[in-house]
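Below is one structure, written out as structure tokens; comments come after it.
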Amino acid sequence: MARWTFTRFAASQWTSAASATKADLTDKVVVVVGASSGIGLEAAKHFAGMNPKKLVLACRNEERANRALTGESCVKSFSRWVQKSRWSTLAQFASVIDFAKKFNEKEDRLDILVQNAGVLPEMEYTATEDGWETTYAFLSPHDRPSHSADSLFQCRLQVNHVALSLLGILLLPKMISTAERFGGHPRMVFVGSEVHLLAKFEKHLVEGDRPLKTFGSKEHCTPEVLQKRYNDTKLLALLFVRALSERLPSPSISPSSPPSSSPSVIVTCINPGFCYSDLRNKPNNMQVSSNALDGFVNWAREKMFAKTAEEGSRQILFAALAGSGDDEVESKAEKEGNSKEKGKEEECMSIDKLRGAYISNCKVAEPSDYVIGEEGREAQEKLWVDLVKELTLVEPQVQEITTRYLTEPVNLE
């Protein structure tokens, strides 16, 4: 059974980080959302060293993006393949739609999409301009517009679960096309968390009318609810990954595509572990307090348990590159002649085991009992249908994509 316990947490944090997965990314296009700091930046550094055709950093703060490109810690070749993509504002769905539109028009392929997101909940309810509660938001506290306090209150963050889901769906046709035209298995990687083990949704909420809107409503978001909101959003991400993966078709949409029993695009959700992060430096979130004792506890917890952002980024690399079905993945054992590492590589799972998988410590792990149980399954299906309906209200193209490219189209009536 997969349940959160302190022993489980400590053991996971103290487990030595696996070596970074490597591959030859020649001719491939990689997009990393939230790449200006933390595990997103570290993952981008790794990708840059694998010779991609293009590496797109989807960032908001241009200054931090430029610093990421020129920082001493970056590989020398980092800027050769990097294209910065600056969101106008991630507090508006229009910005996400605009990014996807421009990318789809300009690029001929998308091999890896890293959906890196995370923010800790506010002490008080706040909403974006699109009317969604901001704790769904997904940028680091450094990725803020330089506007007034009121504007920052409303616009500093885009909706985490909803916006990332929207971006993933809008870029899905490009990823399916990539598989059909160039072969291989494009990857969509969502950054989740082990804290999903602590979350579950009340049945009456899931079965109600427009559960996601209710979930983000001011009436529902009491201080007690907001305190658990980060855990809830990571559970939502995992349920989305599983629902999307189950609906991905065989790569035979194009008449010229060979038939296959497995979907071409692989969608996963990773647990980077508890890492040193700027997220906890944001003064108004639930895990930061002016109380000196609380500050010391947070400091001590990081010193005792936290992994580095680079170590956390290795989970992204594993999800994006690993799997015995991908011949381009390089075995570190083969390159270095390490027999012990080679033995581990030979035990690598089939690529099919990565489909819809929850990944922790560079291996497929069992998600929470709630997720794999009947109640979680019912919530997954209900929330998927509700999400497609909500996103279609934002961008009608969502309905077209899910109907054409996925099995089990959603009836909007």
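A single member of Lys340, Lys332 is at pLDDT below 95 and either crowded, with 21+ Cβ neighbours inside 10 Å or touching a strand residue (DSSP E or B) at 6+ places or on another chain (Cβ under 9 Å) (or both), and it is Lys332. Within the option set Phe240, Phe182, Phe201, Phe190, being at negative phi, in contact with a Cys (Cβ under 7 Å, 6 or more places away or on another chain) and in contact (Cβ under 8 Å) with a residue 24 or more places away in the chain holds for one residue only, Phe190. All conditions in (1) in contact with a Phe, Trp or Tyr (Cβ under 7 Å, 6 or more places away or on another chain); (2) at pLDDT below 50 hold for Ile359, with the sole exception of (2). Restricting attention to segment 5-48, the residues that are touching a Phe, Trp or Tyr at 6+ places or on another chain (Cβ under 9 Å), of a type in the set (A, V, I, L, M) and within 20 Å of Ser193 (Cα to Cα) add up to 6. Checking segment 404-411 against the condition returns a match, with at least one residue being open to solvent by less than 50 Å² (accessible area, probe 1.4 Å), assigned to a helix (DSSP H, G or I), of a type outside the set (D, E, K, R) and in contact (Cβ under 8 Å) with a residue 12 or more places away in the chain. Scanning segment 11-26 for residues that are surrounded by fewer than 13 Cβ atoms within 10 Å (Cβ to Cβ) and within 26 Å of Ile372 (Cα to Cα) turns up just one, Ala11. Just so you know, in segment 373-387 the residues that are without any contact (Cβ under 8 Å) to a residue 12 or more places away in the chain and part of a helix (DSSP H, G or I) include one that is nearest to Leu412 (Cα to Cα), and it is Arg377.
The condition (being without any contact (Cβ under 8 Å) to a residue 60 or more places away in the chain, of a type outside the set (Asp, Glu) and outside any helix (DSSP H, G or I)) is satisfied by just one residue among Ser16, Ser36: Ser16.
The values are calculated or read from the model by the stated rules, or taken from the named source; none is laboratory data. Predicted model only: the values in this text are computed from it and were never measured. Cβ atoms come from the backbone with ideal geometry, glycine included; neighbour counts cover every protein chain shown. Please note that ligands, DNA and RNA were not included when accessible areas were found on the heavy atoms of the full protein model with its side chains. Shrake-Rupley method; radii C 1.70, N 1.55, O 1.52, S 1.80 Å.
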